[in-house]
1. Quick one: pull the percent of accessible area on the stretch 18-88 belonging to carbon and sulfur, 1.4 Å probe, ligands and nucleic acids left out.
2. For the stretch 37-108, go through all pairs of different Cα atoms, get the mean of 1/r, take its inverse, and jot down that Kirkwood value in Å.
3. Accessible area per residue for the stretch 29-117 in Å², computed with a 1.4 Å probe and the full protein assembly in place, what is it?
4. Net charge near residue 77, counting Lys/Arg +1 and Asp/Glu -1 over other residues with Cβ under 9 Å of its Cβ?
5. So, by mean Cβ neighbours within 10 angstrom, what's the order for 48-54, 97-103, 87-93, 74-80 with the highest one leading?
Amino acid sequence: MLARMKRLVWFALLGVIAAPAPGAGASNFTLVNGTGAGLAGLSIRRAGTQEWKTLGAAPSAGARSLISFSDPDCAFDIRANVAGAGQVTWADVNLCAVKSVTLNRDGSAGAWVDYDH
């Protein structure tokens, strides 16, 4: 009986630990264009899905833009047409608890993201 109670308490604790925190998820953030080129056709999708949605106006090279966004998930792919490079995708971008996301691209290093929490 005692062993069963311990097991139930253990599973209850695991449920509390694994549950998402209230307010978790992606919300408004600042998008910084660190690619050194103009962006167009900015869109976003939940990582692992196929449906792209327009994200709004893309900031010019070196500029920043406030993105109004809300989603219960955290992992997203961001896609844009980069002047002189074509379509670029930044995969698995974590948008939870970030203030700003800088999209970077280099011809030899590829695409990466810097975060400001």
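The values are calculated or read from the model by the stated rules, or taken from the named source; none is laboratory data. Predicted model only: the values in this text are computed from it and were never measured. Note that each Cβ is placed from the backbone with ideal geometry, even for glycine, and that neighbours are counted across all protein chains shown. Surface accessibility is based on the protein's heavy atoms, side chains included, excluding ligands, DNA and RNA. Shrake-Rupley method; radii C 1.70, N 1.55, O 1.52, S 1.80 Å.
1. Summing carbon and sulfur atoms, their accessible area is 50 percent of the total for the stretch 18-88.
2. 12.7
3. Result: 52 Å² per residue.
4. Charge balance near residue 77 sits at +2.
5. Final packing ranking: 74-80, 97-103, 87-93, 48-54.
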